[in-house]
């Protein structure tokens, strides 16, 4: 999915999204402001588990 080629997406978020296609589609369908909020949250993730929680929240 081309959304992962976006230079603004941190590598950890991109990797976590690539492991969950439903979350990747949910992220891609978000409006720009909502995507930026997810990206900002990912900057504060301090562990793989934190990043996984961010990705899982996309499916709620």
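The values are calculated or read from the model by the stated rules, or taken from the named source; none is laboratory data. It should be emphasised that the depicted structure is a prediction, and the values quoted were computed from it without experimental measurement. Don't worry about glycine lacking a Cβ; one is built from the backbone with ideal geometry, like all the others, and counts go over all protein chains shown.
Computed values, structure above
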| read-out | value |
| --- | --- |
| Residue match in the range 19-39 (condition: touching a residue at least 40 places away in the same chain (Cβ under 8 Å) and surrounded by 17 or more Cβ atoms within 10 Å (Cβ to Cβ)) | no |
| Unmet criterion (only one of (1) modelled with pLDDT under 95; (2) within 9 Å of the chain's Cα centre (by Cα)) for residue 8 | (2) |
| Hits in the range 16-43 - residues which are assigned to a helix (DSSP H, G or I) and touching a helix residue (DSSP H, G or I) at 6+ places or on another chain (Cβ under 8 Å) | 16, 17, 18, 23, 24, 27, 28, 35, 38, 39, 41, 42 |
